[in-house]
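What follows is a single structure, written as structure tokens, with notes after it.
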2 protein chains.
Amino acid sequence: MSKPLSVEVINFGDELLVGIRQNTHLTYIGEQLSQYGVPICRCQVIRDEAVEIRRAFREAWERSDLVITTGGLGPTSDDMTRETVAEALGVDLVFESEVELTIKDRLSVLGRSLAPHHAKQCFRFQGGECFHNERGTAPGLILAAAGKTLVMLPGPTHELKPMFENYVLPRLQREGLIGEDEAYVQVRTCGLGESSVEQLLKPLMAEHDALDVAFCVHYSMVDVRLSCRDGSICMQQLKVIAQEARHLLGDDFVCFGHCSLARVVYHELRALDRKLAIAESCTGGALSSEFTDVPGASEVFVGGIVCYTNDVKVTQLGVPESILEQHGAVSPECAIAMASGAAERMCSDYGLSVTGFAGPDGGNSSHPVGTIHFGYHSPVGVWCKSVRYTGGRLDVKARAVQTALDWMRRKLRKYKMEEFLSSEAEH
Amino acid sequence: MSKPLSVEVINFGDELLVGIRQNTHLTYIGEQLSQYGVPICRCQVIRDEAVEIRRAFREAWERSDLVITTGGLGPTSDDMTRETVAEALGVDLVFESEVELTIKDRLSVLGRSLAPHHAKQCFRFQGGECFHNERGTAPGLILAAAGKTLVMLPGPTHELKPMFENYVLPRLQREGLIGEDEAYVQVRTCGLGESSVEQLLKPLMAEHDALDVAFCVHYSMVDVRLSCRDGSICMQQLKVIAQEARHLLGDDFVCFGHCSLARVVYHELRALDRKLAIAESCTGGALSSEFTDVPGASEVFVGGIVCYTNDVKVTQLGVPESILEQHGAVSPECAIAMASGAAERMCSDYGLSVTGFAGPDGGNSSHPVGTIHFGYHSPVGVWCKSVRYTGGRLDVKARAVQTALDWMRRKLRKYKMEEFLSSEAEH
């Protein structure tokens with residue numbers, strides 16, 4: 001096997017270092033490249049200052065085969081990246097009149113004309129080329145020199161992504177820098193901690209010396225990515241190992257790949273040809289929103305009620321006032337009434353509900369802040385479940401959404417045959 | 001003024017480089033430190049490999065005064081950071097029995113006992129100290145040596161944040177490494193592009209040579225952060241300049257600081273002592289969720305209906321079937337009926353609605369994918385507004401949420417006196 005490509009990313013932008021903006025570019029490019037078997041080796045995040053840009057670029061260019069930069073190509077006065085990198089490379093910038101025409105066209109559609117600050121966006125490296133920007137003015141840049149490749153991408157996400165997928169990836173594949181096929185198998189789990197997952201998978205790791213196993217925890221989920229850097233385990237074998245991992249994980253196995261819990265639930269419901277309605281208080285719409293992030297959600301999701309007051313619980317969901325009086329809005333009883341109410345009022349087969357105190361205020365001695373009750377209404381039965389989280393308001397919201405979806409996923413799988421028969425009987 | 005502190009962050013973790021996880025730690029630490037006038041100078045994101053850890057740490061330690069690392073302190077087999085850094089520093093690791101006791105206590109509450117893989121978490125640098133971990137087993141580490149300071153933090157966000165705020169920040173302030181007071185003013189705008197905002201603020205930048213101005217675009221918002229690195233403009237003067245910026249920006253000024261659009265709307269409604277209900281289709285709960293992210297949202301928000309089918313629009317919101325038949329669910333007429341329906345059905349003063357095609361499917365010749373209609377019901381009138389976005393499903397959802405909130409913010413400010421009088425008349 002040939003020496004693996006050494007890839008380095010440099011993200012330019014003060015805003016990434018002072019907490020104004022998340023570095024989503026690194027995540028995005030990392031995901032795209034590792035899908036084709038080329039992990040990013042390292043990343044630098046750098047200020048928009050000539051001396052820093054020069055140092056960072058020189059280091060990267062010295063030690064890496066492929067350098068990808070993001071940001072610093074825009075029209076505002078703090079963007080000087082193109083010029084500084086050209087200087088560090090010892091390469092001239094040349095005016096590209098075609099780019100000027102493209103920018104003029106783009107601006108004229110928006111009813112604007114070319115401003116002086118657009119002029120510097122029309123330059124490319126001598127001997128290099130431009131990538132077309134479908135969504136903005138600054139083109140991307142590419143230069144191959146001394147057996148190395150430099151790719152420079154604009155900062156705005158909605159400009160960077162289409163440019164990367166439509167022009168950069170195919171170009172890198174064409175030049176043989178990255179592969180054409182996927183290179184790892186991801187096993188998604190939910191319900192176990194990182195070290196418990198590792199314990200469960202120990203036999204696999206012992207059996208396959210060359211297997212690379214990486215873990216990532218996000219809320220209640222742990223992703224396990226199986227790959228083989230030295231190439232001695234092929235994709236087909238990785239898939240067999242992933243199946244063994246699935247077996248070892250039991251009910252805590254969610255899926256292969258990147259499916260969200262919402263998407264897994266969506267697929268189960270589609271297979272049953274059933275509908276879902278949601279009722280939520282403390283998650284405030286986040287559960288419905290997570291579900292409707294799934295393309296095609298409308299095939300199974302009919303609607304959701306965000307009930308932030310008792311009145312709305314009564315009028316929109318038909319929660320009995322007696323339950324609210326006796327048990328309160330944050331109770332297992334209310335959760336079940338909400339789930340059944342959502343299903344009945346919106347004519348769906350399933351109802352899923354969340355009620356609780358997300359904080360920072362609210363709560364009482366028997367149900368402190370972080371107490372969350374879930375309700376589940378299905379053709380084969382009604383259940384409730386209660387948990388308590390520590391953490392801030394947004395944490396509690398996010399965790400409650402994940403728990404609700406994971407709970408429904410388990411219920412759907414556990415009662416699969418019953419639900420299927422119940423579905424068959426009615427349709 | 002003394003030489004500014006040079007701060008470098010190193011984030012350890014393969015998962016950050018292969019697209020499994022966002023590097024939220026950099027954003028968080030950057031925001032925290034820059035609040036006190038100490039921007040991060042640079043950041044490296046590094047693989048969990050001894051050779052990379054050693055190189056990155058040595059470079060950072062050589063050129064920076066304060067090095068903060070995240071990740072690599074956990075119990076799984078790919079965490080070797082503590083050991084490699086100790087070796088690079090030439091400092092021994094010493095066993096800290098107090099940490100072992102704390103971990104034992106923590107685990108016993110969870111009904112678990114100390115496993116061998118926890119042992120390495122009980123070590124600190126010779127001459128250094130530990131930071132208590134309130135939410136996990138791995139303690140943080142600090143070492144002061146050769147006039148420099150090293151801080152090592154655990155990777156999980158819910159462990160890192162309380163440790164940073166409760167122990168690390170106060171410690172750095174006590175040692176005089178960072179200031180006690182805030183150091184910049186952020187001016188948040190909505191509705192203009194980055195270069196238009198810069199054009200508007202040109203006079204201020206021309207007048208104040210030493211003023212540092214950084215821009216950040218997120219969806220429809222542009223944040224402008226005003227600071228002065230050389231210290232020649234004091235905080236009081238920065239606030240005066242920020243007021244001038246506000247004046248220049250007019251209606252496109254949202255707030256000083258980090259308030260979300262939802263929070264600005266929340267404050268306006270609270271001042272009026274009025275209630276809001278939401279009805280949404282294509283945003284699928286995201287608008288309600290954004291609003292309920294605001295702590296105390298329940299003081300003004302009564303509820304939301306996510307209506308993904310025509311039936312739900314009719315039964316839960318009272319949208320007339322004739323409107324759905326004549327104009328369809330994605331129409332200005334339906335948007336208004338949804339806004340008024342939400343307000344009336346849930347007994348609130350204001351109703352805000354969104355209906356449209358988020359994609360990837362749906363849409364027709366007169367209303368293609370990305371077409372969104374908004375409805376606004378208020379005590380002083382009813383309005384609608386239509387826009388069209390390009391981009392994917394999640395982009396369209398996020399943009400529609402921001403547009404709805406910004407539109408409501410502008411309406412509330414424009415009709416402030418009328419709405420106030422209407423509110424006074426009724427209360």
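A few notes on this one:
- Conditions (1) in a helix (DSSP H, G or I); (2) closer than 30 Å to A:C228 by Cβ; (3) at pLDDT 95 or above: number failed by A:Q173: (3)
- Among residues of the range A:7-27, those that are farther than 17 Å from B:V224 by Cβ and facing chain B (nearest Cβ under 7 Å), counted: 5
- Scanning the range A:69-86 for residues that are within 12 Å of another protein chain (Cβ to nearest Cβ) and out of contact with any Pro (no Cβ under 8 Å at 6 or more places or on another chain) turns up A:P75, A:T76, A:S77, A:D78, A:D79.
- Residues of the range B:357-369 classified as on the phi < 0 side of the Ramachandran plot and within 13 Å of chain A (Cβ to nearest Cβ), total: 5
- Boolean, B:G351 is in the same structural domain as B:I278 (by TED's automatic domain parsing), touching a helix residue (DSSP H, G or I) at 6+ places or on another chain (Cβ under 8 Å), more than 13 Å from B:T283 (Cβ to Cβ) and not hydroxyl-bearing (S, T, Y): yes
- Those residues of the range B:33-59 which are away from every other protein chain (no Cβ under 11 Å) and either of a type in the set (F, W, Y) or within 17 Å of B:V7 (Cα to Cα) (or both), in sequence order: B:Y36, B:F57, B:R58
- Whichever residue in the range A:117-142 is part of a helix (DSSP H, G or I) and not small (G, A, S) and, among such residues, is nearest to the other protein chains (Cβ to nearest Cβ): A:H117
- Considering the range A:303-315, the residues that are buried (at least 24 other Cβ atoms within 10 Å of the Cβ) and part of a helix (DSSP H, G or I) include one that is farthest from the other protein chains (Cβ to nearest Cβ), namely A:K313.
- Taken over the range B:6-30, the criterion of being farther than 13 Å from A:R42 by Cβ and either touching a Lys or Arg at 6+ places or on another chain (Cβ under 6 Å) or modelled with pLDDT of 90 or more (or both) is satisfied by B:S6, B:V7, B:E8, B:V9, B:E15, B:T24, B:H25, B:L26, B:T27, B:Y28, B:I29, B:G30.
- Looking only at the range A:317-336, and only at residues there that are under 33 Å from the mean Cα position of the chain (by Cα) and part of a helix (DSSP H, G or I), the one that is surrounded by the fewest Cβ atoms within 10 Å (Cβ to Cβ): A:P332
- Condition met for A:M221 (at pLDDT 95 or above, out of contact with any helix residue (DSSP H, G or I) (no Cβ under 6 Å at 6 or more places or on another chain) and among the hydrophobic types (A, V, I, L, M, F, W, C)): no
Per-residue answers, yes or no, for (1) more than 7 Å from chain A (Cβ to nearest Cβ); (2) of a type in the set (V, I, T); (3) touching a Ser or Thr at 6+ places or on another chain (Cβ under 6 Å); (4) touching a residue at least 40 places away in the same chain (Cβ under 8 Å):
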{"residue": "B:S289", "(1), (2), (3), (4)": "no, no, yes, no"}
{"residue": "B:G318", "(1), (2), (3), (4)": "yes, no, no, no"}
{"residue": "B:S322", "(1), (2), (3), (4)": "yes, no, no, no"}
{"residue": "B:A335", "(1), (2), (3), (4)": "yes, no, yes, yes"}
{"residue": "B:M338", "(1), (2), (3), (4)": "yes, no, yes, yes"}
{"residue": "B:G341", "(1), (2), (3), (4)": "yes, no, no, yes"}
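- Scope the range B:374-403; condition of a type in the set (D, E, K, R) and assigned to a strand (DSSP E or B); matching residues: B:K385, B:R388
- Candidates B:L200, B:L160: the one that is within 14 Å of chain A (Cβ to nearest Cβ), touching a Leu at 6+ places or on another chain (Cβ under 6 Å) and surrounded by fewer than 21 Cβ atoms within 10 Å (Cβ to Cβ) is B:L200.
- A:T390, sole failed condition from (1) surrounded by fewer than 16 Cβ atoms within 10 Å (Cβ to Cβ); (2) within 18 Å of A:S288 (Cα to Cα); (3) hydroxyl-bearing (S, T, Y): (2)
- Criterion violated by A:V300 - all others in (1) under 26 Å from the mean Cα position of the chain (by Cα); (2) facing chain B (nearest Cβ under 7 Å); (3) at pLDDT 95 or above satisfied: (2)
- The range A:143-162: number of residues that are over 14 Å from B:T390 (Cβ atoms) and either in a helix (DSSP H, G or I) or touching a residue at least 40 places away in the same chain (Cβ under 8 Å) (or both): 12
- Among the residues of the range A:91-116, those identified as surrounded by fewer than 16 Cβ atoms within 10 Å (Cβ to Cβ), within 36 Å of the chain's Cα centre (by Cα), within 14 Å of another protein chain (Cβ to nearest Cβ) and in a helix (DSSP H, G or I) are A:L107, A:V109.
- Flag not set for A:Y389, criterion: modelled with pLDDT of 95 or more and either of a type outside the set (D, E) or touching a Cys at 6+ places or on another chain (Cβ under 8 Å) (or both).
- Screening A:P368, A:P360 for residues that are assigned to a loop (DSSP other than H, G, I, E, B), over 30 Å from A:M417 (Cβ atoms) and over 28 Å from the mean Cα position of the chain (by Cα) leaves exactly one candidate, A:P368.
- Among the residues of the range A:168-216, those identified as among the acidic types (D, E) and either in contact (Cβ under 8 Å) with a residue 12 or more places away in the chain or under 26 Å from A:K148 (Cβ atoms) (or both) are A:E175, A:E180, A:D181, A:E182, A:E194, A:E198, A:D212.
- Residue among B:G30, B:G19 that alone is outside the structural domain of B:M235 (by TED's automatic domain parsing), farther than 12 Å from B:G71 by Cβ and assigned to a helix (DSSP H, G or I): B:G30
- Filter result for the condition that a residue is free of Cβ contacts under 8 Å to residues at least 12 places away in the same chain and under 26 Å from A:A398 (Cβ atoms), over B:V312, B:V306: B:V312
- Failed item, numbered, when A:I372 is tested on (1) among the β-branched types (V, I, T); (2) within 13 Å of chain B (Cβ to nearest Cβ); (3) crowded, with 23+ Cβ neighbours inside 10 Å: (2)
- Pairing each residue of the range B:39-61 that is free of Cβ contacts under 8 Å to residues at least 40 places away in the same chain and assigned by TED's automatic domain parsing to the domain that holds B:L169 with any residue that is among the hydroxyl-bearing types (S, T, Y) and assigned to a helix (DSSP H, G or I), provided the two are 6+ apart or on different chains, yields C-beta distances under 8 Å for B:I40/B:S34; B:D48/B:T81; B:A50/B:T84; B:R54/B:T84.
- Verdict on B:K411 being basic (K, R) and closer than 30 Å to A:N310 by Cβ: yes
- Qualifying strands (runs of 3 or more DSSP E) (wholly inside the range A:203-274; at least 1 residues being closer than 24 Å to B:G155 by Cβ and within 14 Å of another protein chain (Cβ to nearest Cβ)): A:212-218, A:221-227
- Among (1) under 30 Å from A:S196 (Cα atoms); (2) touching a Gly at 6+ places or on another chain (Cβ under 9 Å) - the single one A:Q243 does not satisfy: (2)
The values are calculated or read from the model by the stated rules, or taken from the named source; none is laboratory data. Bear in mind that the values here come from a model prediction, so they are computed numbers and not experimental data. Methodologically, a virtual Cβ is constructed for each residue, glycine included, from the backbone with ideal geometry; neighbour enumeration extends over all protein chains shown.
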